[in-house]
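Novice: Take a look at this one; I'll ask things after.
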Amino acid sequence: MPIRYRPMTLRDYAAAVALWNESEGVAVDVGDERASLVRFLRRNRGLSFVARDGRRLVGAVLAGHDGRRGYLYHLAVARSHRGRGIATQIERRSLAALRRAGVPRTVILVIRSNRSGQRFWRQRRWEGLPAVLPMIRDL
């Protein structure tokens, strides 16, 4: 069965969270609960994508923007489906949607210990920002 790609909807929430939880290097955390994802998907309609193999969700990425910068979160592919170009396809689809939205630059956050994730993104010409220190504050 061919892999099918489409924009993420709230119907994908449970399967996407399950995928993210089983994927090394992806941290499901504050802001990933259902109510937050509802707001995120509404505000960023058509920017996040999923990949399905029949009825099974095998890839997902959250994408959004603040009007100035785009952001990709939680790109993951099921272990059983890695190496088939699925991650590249959902990345490309999200970046194309962000370009259509007028966003000139996109940011990702890669966990420092996630070496395979760092390799993945560098192979796709993403650059580290050594002069920037990511910081966070819970509200």
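The values are calculated or read from the model by the stated rules, or taken from the named source; none is laboratory data. All values derive from a computational prediction rather than experimental measurement. Here the Cβ positions follow ideal geometry from the backbone for every residue, glycine too, while neighbour counts run over all protein chains shown.
Novice: Tally the residues that are in contact with a Lys or Arg (Cβ under 9 Å, 6 or more places away or on another chain) and either part of a helix (DSSP H, G or I) or of a type outside the set (Gly, Ala, Ser) (or both), restricting the search to region 48-57.
Specialist: The total comes to 4.
Novice: Every residue in region 19-47 that is exposed (fewer than 14 other Cβ atoms within 10 Å of the Cβ) and either among the acidic types (Asp, Glu) or assigned to a helix (DSSP H, G or I) (or both), please.
Specialist: Those that are exposed (fewer than 14 other Cβ atoms within 10 Å of the Cβ) and either among the acidic types (Asp, Glu) or assigned to a helix (DSSP H, G or I) (or both): Asn21, Glu22, Glu24, Asp29, Glu33, Arg34, Ala35, Ser36, Val38, Arg39, Arg42, Arg43.
Novice: Do we have any residue at all in region 111-119 that's closer than 22 Å to Ile3 by Cβ and either at pLDDT below 95 or surrounded by fewer than 19 Cβ atoms within 10 Å (Cβ to Cβ) (or both)?
Specialist: Yes, region 111-119 contains at least one residue that is closer than 22 Å to Ile3 by Cβ and either at pLDDT below 95 or surrounded by fewer than 19 Cβ atoms within 10 Å (Cβ to Cβ) (or both).
Novice: Scanning for something touching a residue at least 60 places away in the same chain (Cβ under 8 Å) and more than 19 Å from Trp121 (Cα to Cα), does region 27-49 turn up at least one residue?
Specialist: Yes, the conditions are met somewhere in region 27-49.
Novice: Hey, any hits in region 83-98 for a residue that's over 30 Å from Met1 (Cα atoms) and free of Cβ contacts under 8 Å to residues at least 24 places away in the same chain?
Specialist: The answer is no, given that none of the residues of region 83-98 is over 30 Å from Met1 (Cα atoms) and free of Cβ contacts under 8 Å to residues at least 24 places away in the same chain.
To keep it simple, each residue is scored yes or no on (1) over 18 Å from Ala27 (Cβ atoms); (2) in a loop (DSSP other than H, G, I, E, B); (3) in contact with a Phe, Trp or Tyr (Cβ under 7 Å, 6 or more places away or on another chain); (4) β-branched (Val, Ile, Thr).
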site	(1), (2), (3), (4)
Gly59	no, no, no, no
Tyr71	no, no, no, no
Arg84	yes, yes, no, no
Arg93	yes, no, yes, no
Val103	yes, yes, no, yes
Val110	no, yes, yes, yes
Ser113	no, yes, no, no
Glu127	yes, yes, no, no
Val132	yes, yes, no, yes
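Novice: Given the conditions (1) in contact with a Ser or Thr (Cβ under 8 Å, 6 or more places away or on another chain); (2) surrounded by 18 or more Cβ atoms within 10 Å (Cβ to Cβ), and given that Arg69 satisfies all but one, which numbered condition is not satisfied?
Specialist: (2)
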